Amino acid sequence: MLTSLPHSSAAVLPQRSRLLVAQRAARRPISVTNAVADETLDKASVATGAPPTLSFPILVNGCTGKMGKAVAEAAVSAGIQLVPVTFSSKENPSRTLQVGSMDMHVHGPSEREYILSSVLDEFPNLVLVDYTVPDAVNDNAELYCKLGVPFVMGTTGGDREKLYKTVQDANVYAVISPQMGKQVVAFLAAMEIMAEQFPGAFSGYHMEVMESHQAGKLDTSGTAKAVISCFQKLGVSFNLKQIKKIRDPKKQLDMVGVPEEYLSGHAFHLYHLTSPDETVSFEFQHNVCGRSIYAEGTVDAAMFLYKKVQSKADKKIYNMIDVLREGNMR
């Protein structure tokens with residue numbers, strides 16, 4: 001359900017949303033406003049003398065999870081107008097959650113289309129960010145495409161071929177990437193360049209791959225798959241089933257060396273290559289503690305996508321390489 005603040009804060013929602021509120025008066029109302037973002041902008045402008053940061057409405061689907069909440073907080077810090085609405089996989093959640101000083105109202109699956117449509121009526125320039133679960137990727141994308149809302153898909157997994165086809169057929173703007181960390185994406189780009197320019201350079205080499213993420217990450221790392229694909233082009237024979245996927249916190253502490261405070265949010269990757277005669281070895285490693293690198297990258301992706309929509313760019317589907325190449329990240 002959606003209600004509005006006084007006219008000084010936000011536009012009044014469509015009549016159908018007000019009717020919904022009346023029907024569900026027992027629930028706690030929420031407010032759609034950019035007051036928090038405005039305050040952040042004012043403080044940043046005064047402190048630095050810089051012009052206000054680009055601001056536009058953003059909705060984060062998945063704020064009930066740690067990654068989604070981190071993106072919502074990063075969006076507010078960047079001065080983006082956060083719409084305090086998110087969705088849950090459970091019906092009738094009847095609750096709110098806190099993001100900064102803002103109450104986010106959580107809606108169940110049966111309300112998704114109705115509520116999202118109502119939000120779009122009020123905020124036609126909305127950009128949506130998805131950080132849900134792998135099983136929801138394709139269903140969520142179909143809804144976003146049906147309503148014509150541009151979106152950033154940060155959730156990994158799902159049927160990726162079907163995902164791209166859905167977006168392409170709907171002609172909707174989207175940033176789709178298995179990895180939102182800007183520096184990690186730059187590393188991936190370098191790997192792709194090496195694979196393209198020096199095919200077969202590691203022919204005959206044996207490779208071991210270890211990836212460690214928090215226990216709640218259900219799927220194999222999309223980043224690991226992308227890096228492995230590059231090594232395969234470089235001549236390494238490797239099957240994805242050989243990946244050592246570590247989700248046990250005790251092993252992460254003892255074997256991987258993950259700091260205890262980051263067991264619930266980390267991404268450690270190690271690629272070890274050995275020559276056929278075992279006289280030469282290479283190691284490629286990137287370790288991330290926490291979620292800030294992904295949250296900041298996602299906000300940059302949302303800003304990038306908003307600009308593409310406003311400029312009516314011919315290209316509709318982008319990835320984080322495109323965001324990096326734009327060269328105007330914060």
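Residue 299: part of a loop (DSSP other than H, G, I, E, B), buried (at least 20 other Cβ atoms within 10 Å of the Cβ) and in contact (Cβ under 8 Å) with a residue 12 or more places away in the chain, yes or no? Show your work before the answer.
On the way: part of a loop (DSSP other than H, G, I, E, B): no; buried (at least 20 other Cβ atoms within 10 Å of the Cβ): yes; in contact (Cβ under 8 Å) with a residue 12 or more places away in the chain: yes.
No.
Looking only at the stretch 133-175, which residues are modelled with pLDDT of 95 or more, in contact with a Gly (Cβ under 7 Å, 6 or more places away or on another chain) and among the polar types (S, T, N, Q)?
Result: 138, single match.
Within the stretch 167-188, count every residue that is surrounded by fewer than 16 Cβ atoms within 10 Å (Cβ to Cβ) and either more than 17 Å from residue 285 (Cβ to Cβ) or hydroxyl-bearing (Ser, Thr, Tyr) (or both).
3
Which pairs do you get when a residue that is farther than 26 Å from residue 121 by Cβ, found in the stretch 50-70, comes within reach of a residue that is modelled with pLDDT of 95 or more and not hydrophobic (A, V, I, L, M, F, W, C), reach meaning Cβ atoms under 6 angstrom, with the pair 6+ apart or on two chains?
Here the result reads 67/131, each pair linking the stretch 50-70 to a residue that is modelled with pLDDT of 95 or more and not hydrophobic (A, V, I, L, M, F, W, C).
How many residues are surrounded by fewer than 23 Cβ atoms within 10 Å (Cβ to Cβ) and β-branched (Val, Ile, Thr) if we restrict to the stretch 120-133?
So the count comes out to 1.
Residues in the stretch 289-304: is at least one over 30 Å from residue 55 (Cα atoms) and among the basic types (Lys, Arg)?
no
Could you list, in sequence order, all residues of the stretch 192-226 that are assigned to a helix (DSSP H, G or I), at pLDDT 95 or above and buried (at least 17 other Cβ atoms within 10 Å of the Cβ)?
Matches in the stretch 192-226: 195 only.
List the pairs whose first member sits in the stretch 197-215 and is assigned by TED's automatic domain parsing to the domain that holds residue 283, whose second member is of a type outside the set (S, T, N, Q) and exposed (fewer than 12 other Cβ atoms within 10 Å of the Cβ), and whose Cβ atoms are under 8 Å apart, counting only residues at least 6 apart or on separate chains?
Pairs that qualify, where the first residue is assigned by TED's automatic domain parsing to the domain that holds residue 283 and the partner is of a type outside the set (S, T, N, Q) and exposed (fewer than 12 other Cβ atoms within 10 Å of the Cβ), are 204/276; 205/276; 206/276.
Please determine whether any residue of the stretch 78-98 is in contact with an Asp or Glu (Cβ under 6 Å, 6 or more places away or on another chain), polar (S, T, N, Q) and either under 19 Å from residue 114 (Cβ atoms) or assigned to a strand (DSSP E or B) (or both).
Within the stretch 78-98, one or more residues are in contact with an Asp or Glu (Cβ under 6 Å, 6 or more places away or on another chain), polar (S, T, N, Q) and either under 19 Å from residue 114 (Cβ atoms) or assigned to a strand (DSSP E or B) (or both).
The values are calculated or read from the model by the stated rules, or taken from the named source; none is laboratory data. Everything quoted here is computed from the prediction, not taken from an experiment. Heads up, the Cβs are rebuilt from the backbone with ideal geometry, glycines too, and the neighbour counts pull from every protein chain shown.
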